[in-house]
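Contents: one structure, followed by commentary.
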Amino acid sequence: MLPEIHLVLHRVRAAELHARAAAHRRATAAVRPRALRARLGWTLVEIGLRLATTAPKPASA
């Protein structure tokens with residue numbers, strides 16, 4: 001194979017890999033806030049359940 005052809009194929013493949021990597025970074029960046037929101041939401045639910053089960057019961061008259 002001629003060196004020029006090899007260099008052209010290498011550049012094309014490198015450009016494809018860069019494009020795929022950029023698309024992957026965009027896709028993973030879009031997912032992160034949802035994961036954080038879900039974790040925060042479940043943490044708040046857990047705290048609320050703990051507060052509800054450990055709250056003192058009202059004294060009966």
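The values are calculated or read from the model by the stated rules, or taken from the named source; none is laboratory data. Keep in mind the model is a prediction, meaning the values are calculated, not measured. Note: accessible area is taken over every heavy atom of the protein model, side chains too, but ligands, DNA and RNA are not part of it. Shrake-Rupley method; radii C 1.70, N 1.55, O 1.52, S 1.80 Å.
Structure summary
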item	result
Test set (1) assigned to a helix (DSSP H, G or I); (2) open to solvent by 70 Å² or more (accessible area, probe 1.4 Å) - K57 fails condition number	(1)
Residue match in the stretch 44-53 (condition: of a type in the set (V, I, T) and open to solvent by 100 Å² or more (accessible area, probe 1.4 Å))	yes
Subset of the stretch 1-17 (residues that are of a type outside the set (D, E) and under 32 Å from the mean Cα position of the chain (by Cα))	H10, R11, V12, R13, A14, A15, L17
